[in-house]
Structure formats: C-alpha cells, structure tokens
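Undergrad: Have a look at this one.
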2 protein chains.
Amino acid sequence: MGGQMRPIDIMDALKRNVLECEGPAVCKTCEARHGGVCASLSVPQLVELNKHSSRRKVEAGNEVIGQGESVSTYSNILNGVVKLSKMMADGRQQIVGLQFAPDFLGRPHQEESTVTAEAATDTEICVFPRALIDRIVSETPDFERMLYEQSLKELDEARDWMLTLGRKTAQEKVASFLHLIATHIDPENASPRTFDLPLSRADIADFLGLTIETVSRQMTKLRKEGIIVIENNRHVTVPSLERLRCVAGND
Amino acid sequence: MGGQMRPIDIMDALKRNVLECEGPAVCKTCEARHGGVCASLSVPQLVELNKHSSRRKVEAGNEVIGQGESVSTYSNILNGVVKLSKMMADGRQQIVGLQFAPDFLGRPHQEESTVTAEAATDTEICVFPRALIDRIVSETPDFERMLYEQSLKELDEARDWMLTLGRKTAQEKVASFLHLIATHIDPENASPRTFDLPLSRADIADFLGLTIETVSRQMTKLRKEGIIVIENNRHVTVPSLERLRCVAGND
DNA sequence: CGTCCTATTGATATAGGTCAACATCGGTGG
DNA sequence: CCACCGATGTTGACCTATATCAATAGGACG
C-alpha cells in the first residue's frame, strides 16, 4: 500500500482510472464509483478496500446510524435516499439533510454521530470498516479532500435550507422541496420532468418545519395552479422547473 | 472608513524569530494562535505567512465578503463577531451562521462565496493573500485538516440551527440564541454570567427567522420570568444557564 | 370485506406577523 | 448644558398564515 499519492486533481484520478480500466470488477460497475469519494483512490487501494467492504440493502424506514450512537462503519450510498434528522426531547423532529448516491455516510475523527441517518427509500449502501477508512484517510490527502469537499457541499445545502426554514412561506417551502428532489433524485439526469417522491408527507413536513396537513394543502394548491401534476400521491410531474423555481422564491 | 491596513514589521518579526526559534512575535501574542488553524503550521510556515499577512479592523456593519463576490483573501477572526447571511431576491434575509475568534473566514478551492460575511460588532481580522494560503493548504495536510474540522463544526452548528428554525417556538428560539451567545462570546470563558449581545434586535430576528417585534416581546417575557436580566438593551445577565437551556428546549 | 396506514379536506384556534404609536439612547450642534 | 434628531427598541391592537383537531377518503393487504 506504499507511500502517499502525489497530490493530483480529482478529475485526473477519474480519467486515469477510466483509461486503465483496472480495479475490482465490483467497483467498475459501482454506481458511486464516478463522482464518489472512491474516485480519489488508487487501484491498489480500491482493491484492498473492496476486499473488506460489503454491499447491504437497507429497507425504507430503517436506521443506518442512530443519533448519539458510536459508529464502527462508514458507507457510500449506491442508490436510494437517506434522510438525516435530529429530534428534540419531546419528540419534535427536523430533517437536517438528504443524501443521495454517491454520497459518503460517516465522519472520520468523530466518535459518535450528531444526527440519525435513516433510509427514506429502499437503499443500497457499500459498507466499509471504520479502521480501514481511517487509515486510507490519513494516507491519502486526496481522499480526505473529497470528504472535505462533500462536507462543504453539505454545509452549503444546510445554509440554503436555513434560509428556506427561516424565511420562506409554506408554499415556497413545498416548492423548494419539490425543486430539490427534482434536481437530485437522479444522479444521471440533472432534472427529470417526472419522478417519485422519496419522502412521505410526514417526512416532507419534518424537512420543511411544517405539519402534514399544511404540506398536503400546499401540494394540492400547486396542483390546482398547474405547477405540478400528482399521480398516486407519490408520483410528481413538473411541466416547468423554471416556474417551480420561481414559486420557490429562488429568484 | 475603518479597516485600515497595518503592514507588519517584517524585519522585526524575522529577527525575533531567528533569535527565539519560536515563530513570529506577532503570532505568539495572537488571539487566534491557539485553537485556530495557525496552530497546525510549522514555524517557518508561520514566518512566511506572517510576512504577507496584515491586521485589519472592520467596523460593525461592514462587509468582509459579499455573497457571490470573488474572494482574493482569507482571514482569521482575532476578536469580535462576524455574521454570515443569505438574502432572497425580495430582500428577506437569514443569518446562517455566526463566527467568533479564532474562526477562519474563507474557503479554499472555491471561487466565490455563497454567503455574505459582515462584521456584527467591531472586529479585528488577520488577512492572508489567497494564493499563499492555497499553497500552504496543498503542502500541509494538517492545515487542511484543521479547515475540514472547522467546516464540520460549522455543519453541526448549521444543523442544530435548522432544528431551531424549523421546530422551536419564538420563546425557545430567543432562549436558544441567548444560550448560544453566552457559550460563544468569550473564547476564554466558556459561559460568562453576563455579556453584551453582539447583534441588534434586527440581526437577532434575521438569525431566528422572526420579526423584530417578536424578538422584543420574547425578550421582555424572558425578563419578566426572571430567566434573564437586561440593561441598556444590549447587556444581558443570565442567572442560570441551566434554566436558559431548559427554556430553549435543549432537554 | 374489514383493517391499517397514508393522505386529503374542513372547521376552528393561535402564534407570530403587520402596522402604528411611543420610548429610549447616543450623538450633534446651538 | 440642553434641545433636537435619527436610530434602535418596546408596546399595543389587530390580522393572517399555519397549527390543531376532527372527519373522510383511498390504497394495500390480509
């Protein structure tokens, strides 16, 4: 496992790997391989990581990490949506982030999680032992940089959402949520016209700081205004993302 | 026009360093030296950084970095409080973070800021040229790790605040704010009984997603309930941090 | 065909927003 | 030193967006 990688650009690492067409077969077809943190690893590192990692399915509603729990593994999201949430002593809950493939779950240099991570939809993750990742992190500045970049992305998203929570109306909040999902649900397609909501009304309410009833009312209002089309409660079509953005107050 | 640049005496700093082998004199007395990102730098790195850095005063209300502006410098907060905020097209505003000494302002590998940074109080910062920090970052994994750690801390704070914004009542919000200030205003003393609020009522409202009037009403309510004592609008005494925490809904 | 679960819809209550008057403070200039 | 001023904060009266409570509807599944 030799010395440190020389500092290289992330895209270079990606390109090099594609050119060489090497690495574990599993990783080659991995949904998280491109764009995910693994993109910063060398082929030998990938091979070793692969030896000790395993795929796991997590059904909707199941916990990946509990708030305050100590964590012995990290993982990559391969598909599905994971919600991060916080709860107050009296049960009030707030979803503080949604993670999509190929996001990395877990935080090196931190014993226990400050949030609960729960599968919002049926989800597949690639699970890594903590000690191995910790070693790779300390050996591979590029890998740590990928994690740093992800945490900065999450920070930006959290702050955007603070604006939504603190200053937007219920209608703007619901539109913001739909816009967020439309632009994140499919890693391949930046903005599909049509998709399934990964969250129940209750989850949406917890994400937006609203009640279920208000979410429901605003959804029907958006439907009646022609901003969205809803089928079977979960399936949504957005005729114009631009109009949705506008309703969301994003310009 | 505050914020005048005061170049540091390079020769003097160098001379002292050579004699004492302990880093630049300025840094030795720096408020941000311990606990700040500079703590991860070697003495030669400190010397070089010091050569190109300068102290600057920023008066309350002045911008440090504008939202969407490109950034050519980074800085460390030496004292004072900096507020990070986002604004919607129609003027609605949300403060998305407060930074205290010895926090680092700015983000390597990112051209323009996604938030506005503005001095909430009169503030002193230590300004570094962008290119130099970028080089030090790429050469010094420990330094980058400090930045990573800070961004994780900010992420945790942002998520805590999302819970506050989304799920707490006005009274809990105001109490949460007072608790936050009490525990952060003084880097020396974790929780002073008495302190000056670094933010105006308008800023507090923008931080809590409330109106000025509601903030004011909740402050007087907390005062009448004996949770806090207020003098001159800005000076607050907290008889029991524990009681305040409780009102804030933190247990 | 009921049962459970999720979502919608309606009626009503209320926390917090809005608008307006007033108070307090710190500065400035006569 | 006082009078005036603008900026900042408080208080009151009222209003509205959203919460709450309650009833109904629609699927999924046995």
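Undergrad: In this structure, does B:Glu48 turn out to be more than 14 Å from the chain's Cα centre (by Cα), more than 25 Å from B:Cys27 (Cα to Cα) and more than 12 Å from every other protein chain (Cβ to nearest Cβ)? It would help to see each step written out before you state the result.
TA: On the way: more than 14 Å from the chain's Cα centre (by Cα): yes; more than 25 Å from B:Cys27 (Cα to Cα): no; more than 12 Å from every other protein chain (Cβ to nearest Cβ): yes.
No, not satisfied.
Undergrad: Limited to the stretch B:226-241, what total is found for residues that are within 10 Å of DNA strand D (Cβ to nearest atom) and at positive phi?
TA: Of the residues in the stretch B:226-241, 2 are within 10 Å of DNA strand D (Cβ to nearest atom) and at positive phi.
Undergrad: Moving to a separate point now. Within the stretch A:227-246, is there a residue that is within 14 Å of another protein chain (Cβ to nearest Cβ) and more than 29 Å from A:Ala32 (Cα to Cα)?
TA: Taking the stretch A:227-246 first, the residues within 14 Å of another protein chain (Cβ to nearest Cβ) are A:245-246.
Narrowing the set further to residues that are more than 29 Å from A:Ala32 (Cα to Cα) leaves A:246.
For the stretch A:227-246, residues within 14 Å of another protein chain (Cβ to nearest Cβ) and more than 29 Å from A:Ala32 (Cα to Cα): present.
Undergrad: Checking B:Ser72 against (1) small (Gly, Ala, Ser); (2) at pLDDT below 95; (3) crowded, with 22+ Cβ neighbours inside 10 Å: exactly one of these is not met. Which one?
TA: Just one mismatch for B:Ser72, condition (3).
Undergrad: Condition test on A:Arg55, is it under 17 Å from A:Glu149 (Cβ atoms) and in contact (Cβ under 8 Å) with a residue 40 or more places away in the chain? Let's see the steps before the verdict.
TA: Working: under 17 Å from A:Glu149 (Cβ atoms): no; in contact (Cβ under 8 Å) with a residue 40 or more places away in the chain: yes.
So A:Arg55 fails the test.
Undergrad: A follow-up question, please. Quick check on B:Leu132: is it of a type in the set (A, V, I, L, M) and within 13 Å of another protein chain (Cβ to nearest Cβ)?
TA: No, not satisfied.
Undergrad: On the given criteria, is B:Glu124 within 28 Å of A:Gly106 (Cβ to Cβ) and away from DNA strand D (no atom under 16 Å from the Cβ)?
TA: For B:Glu124, the condition - within 28 Å of A:Gly106 (Cβ to Cβ) and away from DNA strand D (no atom under 16 Å from the Cβ) - is not met.
Undergrad: When the residues of the stretch B:197-212 are filtered to those that are of a type outside the set (D, E, K, R), within 8 Å of DNA strand D (Cβ to nearest atom) and open to solvent by 30 Å² or more (accessible area, probe 1.4 Å), which remaining residue is farthest from B:Val115 (Cα to Cα)?
TA: The extreme case among them is B:Ile212.
Undergrad: Go through (1) in contact with a strand residue (DSSP E or B) (Cβ under 7 Å, 6 or more places away or on another chain); (2) within 9 Å of chain B (Cβ to nearest Cβ) one by one and return the number of the condition A:Gln150 breaks.
TA: Among (1) in contact with a strand residue (DSSP E or B) (Cβ under 7 Å, 6 or more places away or on another chain); (2) within 9 Å of chain B (Cβ to nearest Cβ), the lone unmet condition for A:Gln150 is (2).
Undergrad: Could you tell me whether the stretch B:194-202 includes any residue that is touching a Leu at 6+ places or on another chain (Cβ under 7 Å), farther than 18 Å from A:Arg92 by Cα and modelled with pLDDT of 95 or more?
TA: Residues of the stretch B:194-202 that are touching a Leu at 6+ places or on another chain (Cβ under 7 Å), as a first pass: none.
Within the stretch B:194-202, none of the residues are touching a Leu at 6+ places or on another chain (Cβ under 7 Å), farther than 18 Å from A:Arg92 by Cα and modelled with pLDDT of 95 or more.
Undergrad: Would you confirm, using the coordinates I've provided, whether B:Arg223 is within 15 Å of DNA strand D (Cβ to nearest atom) and surrounded by fewer than 21 Cβ atoms within 10 Å (Cβ to Cβ)? Don't jump to the end; show me each part of the working.
TA: Numbers: within 15 Å of DNA strand D (Cβ to nearest atom): yes; surrounded by fewer than 21 Cβ atoms within 10 Å (Cβ to Cβ): yes.
So B:Arg223 fits the description; yes.
Undergrad: I'm told A:Thr214 meets every condition in (1) out of contact with any Phe, Trp or Tyr (no Cβ under 7 Å at 6 or more places or on another chain); (2) more than 10 Å from DNA strand C (Cβ to nearest atom); (3) touching a residue at least 40 places away in the same chain (Cβ under 8 Å) except one. Can you identify the failing condition by its number?
TA: Going through (1) out of contact with any Phe, Trp or Tyr (no Cβ under 7 Å at 6 or more places or on another chain); (2) more than 10 Å from DNA strand C (Cβ to nearest atom); (3) touching a residue at least 40 places away in the same chain (Cβ under 8 Å) one by one, A:Thr214 breaks only (2).
Undergrad: Here is a further query. For B:Ser54, all conditions in the list (1) open to solvent by less than 70 Å² (accessible area, probe 1.4 Å); (2) modelled with pLDDT under 90; (3) in contact with a Lys or Arg (Cβ under 7 Å, 6 or more places away or on another chain) hold save one; what is the number of the exception?
TA: (2)
Undergrad: Answer with yes or no whether B:Ala182 is hydrophobic (A, V, I, L, M, F, W, C), within 30 Å of B:Arg92 (Cα to Cα) and within 9 Å of DNA strand D (Cβ to nearest atom). Can you show your working first?
TA: Values: hydrophobic (A, V, I, L, M, F, W, C): yes; within 30 Å of B:Arg92 (Cα to Cα): yes; within 9 Å of DNA strand D (Cβ to nearest atom): no.
No: the conditions fail for B:Ala182.
Undergrad: Those residues that are open to solvent by 20 Å² or more (accessible area, probe 1.4 Å), farther than 27 Å from B:Leu210 by Cα and in contact with a Ser or Thr (Cβ under 9 Å, 6 or more places away or on another chain), I need them from the stretch B:82-107; list them, please.
TA: Result: B:Gly106, B:Arg107.
Undergrad: Taking the condition of being in contact (Cβ under 8 Å) with a residue 40 or more places away in the chain, more than 25 Å from A:Glu172 (Cβ to Cβ), open to solvent by 30 Å² or more (accessible area, probe 1.4 Å) and outside any strand (DSSP E or B), how many residues in the stretch B:108-132 meet it?
TA: Total meeting the criteria: 4.
Undergrad: OK, next. Could you list all residues from the stretch B:145-171 that are within 12 Å of DNA strand C (Cβ to nearest atom), surrounded by fewer than 23 Cβ atoms within 10 Å (Cβ to Cβ) and assigned to a helix (DSSP H, G or I)?
TA: Listed by number, the residues that qualify are B:Arg167, B:Ala170, B:Gln171.
Undergrad: Could you grab me the full set of residues in the stretch B:217-241 that are basic (Lys, Arg) and more than 10 Å from DNA strand C (Cβ to nearest atom)?
TA: Those that are basic (Lys, Arg) and more than 10 Å from DNA strand C (Cβ to nearest atom): B:Arg223, B:Lys224.
Residues checked against (1) outside any helix (DSSP H, G or I); (2) open to solvent by 30 Å² or more (accessible area, probe 1.4 Å); (3) in the same structural domain as A:Arg92 (by TED's automatic domain parsing):
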| position | (1), (2), (3) |
| --- | --- |
| A:Lys173 | no, no, no |
| A:Ile181 | no, no, no |
| A:Glu188 | yes, yes, no |
| A:Phe195 | yes, no, no |
| A:Thr214 | no, yes, no |
| A:Met219 | no, no, no |
| A:Val236 | yes, no, no |
| A:Arg243 | no, yes, no |
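The values are calculated or read from the model by the stated rules, or taken from the named source; none is laboratory data. Every value quoted in this text rests on a predicted model; they were computed, and no experiment measured them. Every residue, glycine among them, receives a Cβ derived from its backbone with ideal geometry; neighbour counts consider all protein chains shown. These area figures cover heavy atoms from the full protein model, side chains too; ligands, DNA and RNA do not enter into them. Shrake-Rupley method; radii C 1.70, N 1.55, O 1.52, S 1.80 Å.
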